[in-house]
Amino acid sequence: MSFDLTYVLVGVALLFAAFVKGATGLGFPLIATPTVALLLDIRIAVTILILPNLLMDVTQVFRDGFPYAVLRRFKSMVGLTIVGVFLGTAVLVRTPLWILNLCLGIMVLIFVGSNMLKFDFTISPAAEKILSPIFGFISGFLNGMTNAAGPTLAIYFYSLKLEKRDFVKAVATIFIITKATQLIGVSTWNLFTWNTITLSIQVVLFTLLGFFAGLKIQDRVNQKTFSRGLLVLLSIVGIILIARALTQAH
């Protein structure tokens, strides 16, 4: 086989995506999906990244034991998250993705900008009861359509001022629910075949090093640095979403 720089770039992107996932609890699908799509059909790319996501999320969720507190606090998110994933998947083939990516990217950048300008988006306990199911549905819907639920969840949990480990654990818990639901969805399309399972396992093995390196970084950084890093990541995410939207529009 002749040398192909694309394979190297995809490999580097996967390692980086896994590192970001380990350090912040999100970012893997958003970084990995478009890069793997350089080599494979976008639906196949989404499919083979589900198992690596699930493994990483399970690892992060159970680092400090079973997430009883997360499930108890955010139980109102679960049902509508599942509904959102299935609806997002159903709409996937009917709606231009560039429109959704553009709107999501702009929303993320507005949130980051407002935080840099010191606008405080702290959510009260009363507002949390109302907003949790809404954000659960939106994140599930976006995951079904674009494989990018991370920004929405990050904005919501960041606004709740969760401590670093609680933030990662909460994001990972909801991600497990969305990815398990997505796994059922792609199975109904017959996309989860022996070939895609094999590719998925290869991605898992390849990305483990980046992921566990990210976990080590997460343990060492303080809360303030973590929050700043998260805003930087969200800025990059927003720019990527807008760039993807503009590219898809032509």
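The values are calculated or read from the model by the stated rules, or taken from the named source; none is laboratory data. In this text, all values refer to a predicted model and were calculated from it rather than measured experimentally. Every residue, glycine among them, receives a Cβ derived from its backbone with ideal geometry; neighbour counts consider all protein chains shown. Side chains are part of the model used for accessible areas, which takes the heavy atoms of the whole protein and leaves out ligands, DNA and RNA. Shrake-Rupley method; radii C 1.70, N 1.55, O 1.52, S 1.80 Å.
Using a 1.4 Å probe on the protein chains only, how many percent of the accessible area of the stretch 124-250 belongs to carbon and sulfur? Roughly 71 percent of what the probe reaches on the stretch 124-250 is carbon or sulfur. Relative to the longest principal axis of the Cα atoms of the chain, the long axis of helix 164-188 makes an angle of roughly 40 degrees. Computed from Cα positions, the angle between helix 223-248 and the longest principal axis of the chain comes to roughly 50 degrees.
For Leu191, neighbours were defined as the other residues whose beta-carbon sits under 13 Å from its Cβ, and their charges (Lys and Arg +1, Asp and Glu -1) total 0. Against the main long axis of the alpha-carbon atoms of the chain, helix 97-116 sits at an angle near 40°. Report summary: the helix-based calculation at 222 nm, which adds -39500 (n - 2.57) for every DSSP H run with n ≥ 4 and divides by the residues of the chain, gives -27000 deg cm²/dmol.
Rounded, prolate or oblate: which fits the stretch 1-102, taking a ≥ b ≥ c as square roots of the Cα gyration tensor eigenvalues, rounded meaning a/c under 1.5, else prolate when a/b beats b/c? Here the stretch 1-102 falls in the oblate category. Lysine pair count for the chain with Cα-Cα distance under 16 Å and sequence separation of 8 or more or different chains is 15.
Separation of the stretch 169-190 from the stretch 203-250 is 20 Å, based on Cα centroids. Residues in the stretch 143-177 near a label at Asp64, defined as backbone nitrogen under 16 Å from the 7 Å Cα→Cβ point? The answer is 157-158, 160-174. Modelled spin-label separation between Ile197 and Met116, with each label point placed 7 Å from Cα along the Cα-to-Cβ direction: 4.7 nm.
Rolled with a 1.4 Å probe across the full set of protein chains, the surface gives Met116 an accessible area near 140 Å².
Calculated accessible area for the stretch 144-250 comes out at 44 Å² per residue, all protein chains present (probe 1.4 Å; ligands, DNA, RNA ignored). Put a plus charge on the Cβ of each Lys and Arg, a minus charge on the Cβ of each Asp and Glu, and nothing anywhere else: the dipole of the chain about its Cα centre is then about 520 debye.
The convex hull of the Cα atoms of the chain, projected and averaged over all directions, covers 13.6 nm². Can you find, among Gly238, Met116, Thr181, the residue sitting farthest towards the positive end of the charge dipole of the chain, where Lys and Arg contribute +1 and Asp and Glu -1 at Cβ? Positive-most Cα among the choices belongs to Met116.
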